[in-house]
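Here's the structure, in structure tokens; my notes come after.
The values are calculated or read from the model by the stated rules, or taken from the named source; none is laboratory data. Small disclaimer: the values here were computed from a predicted structure and weren't measured. Reconstructed Cβ throughout: ideal geometry from the backbone, glycine too, with neighbour counts over all protein chains shown. To get the accessible areas, we keep the full protein, side chains included, count just its heavy atoms, and leave off ligands, DNA and RNA. Shrake-Rupley method; radii C 1.70, N 1.55, O 1.52, S 1.80 Å.
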Amino acid sequence: MEIIKATEIKQHYDTYIDLAAYYTLVDDVELSTINLNKAQALAQIIGIDFEVVAKDLQIKTKVKRDNDKHFQKALTKLSAIAYARKYFVGKQMITGKVFEEIEQDYTAMVVDMGRNIGYTIDEINQEIKEVLPR
């Protein structure tokens, strides 16, 4: 019974560290602090030192920052694919079918990447909309 409770507490701790890292990246000090305090309270219950909590937050923030960089690069590539499709189809050099599958697959990958780093579907769709040709 004790192991199950400790495991559940650790899962909640990890969730609060993830949230604190996300809010740190988006510069929301209040929500970052709230989630960090919740993580710290749970850490005390299961015997995790404050230094470990701080290190966990640092690691999660770095990972999320790195993942966000990859997400931004993927958006740039998606934009390049979409503009290439528009250009080549506009010049009647190819049909749209050549790029459609690639663009759909890349869009799906961008959506997955965004969801993995904590963006909502609306935020992801907005990011995609901003990089696609009009």
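If the condition is being part of a helix (DSSP H, G or I), open to solvent by less than 70 Å² (accessible area, probe 1.4 Å) and of a type in the set (Val, Ile, Thr), then the range 80-98 contributes Ile81, Val89. Annotation: of all residues in the range 9-32 being over 13 Å from the mean Cα position of the chain (by Cα) and outside any helix (DSSP H, G or I), the one that is surrounded by the fewest Cβ atoms within 10 Å (Cβ to Cβ) is Asp27.
Is it true that Glu2 is out of contact with any Ser or Thr (no Cβ under 9 Å at 6 or more places or on another chain) and modelled with pLDDT of 90 or more? Walk me through how you get there before you give the answer.
On the way: out of contact with any Ser or Thr (no Cβ under 9 Å at 6 or more places or on another chain): yes; modelled with pLDDT of 90 or more: no.
So Glu2 fails the test.
Among the residues of the range 52-74, is there at least one that is within 30 Å of Lys5 (Cα to Cα) and more than 22 Å from the chain's Cα centre (by Cα)? Scanning the range 52-74 turns up at least one residue that is within 30 Å of Lys5 (Cα to Cα) and more than 22 Å from the chain's Cα centre (by Cα).
Mind counting the residues in the range 39-79 that are open to solvent by 40 Å² or more (accessible area, probe 1.4 Å), free of Cβ contacts under 8 Å to residues at least 24 places away in the same chain and assigned to a helix (DSSP H, G or I)?
Of all residues in the range 39-79, those open to solvent by 40 Å² or more (accessible area, probe 1.4 Å) come to 41, 44-47, 49-52, 54-56, 58-60, 62-63, 65-70, 72-73, 76-77.
Subset that is free of Cβ contacts under 8 Å to residues at least 24 places away in the same chain: 41, 44, 47, 49-52, 54-55, 58-59, 62, 66, 69, 72-73.
Imposing the further condition that a residue be assigned to a helix (DSSP H, G or I) reduces the set to 41, 44, 50-52, 54-55, 58-59, 62, 66, 69, 72-73.
Here the count works out to 14.
A Cβ distance below 7 Å, combined with a sequence gap of six or more or placement on separate chains, defines the contacts here; from the range 99-120, residues that are buried (at least 17 other Cβ atoms within 10 Å of the Cβ) reach residues that are in a helix (DSSP H, G or I) and hydroxyl-bearing (Ser, Thr, Tyr) in the pairs Gly118/Tyr22.
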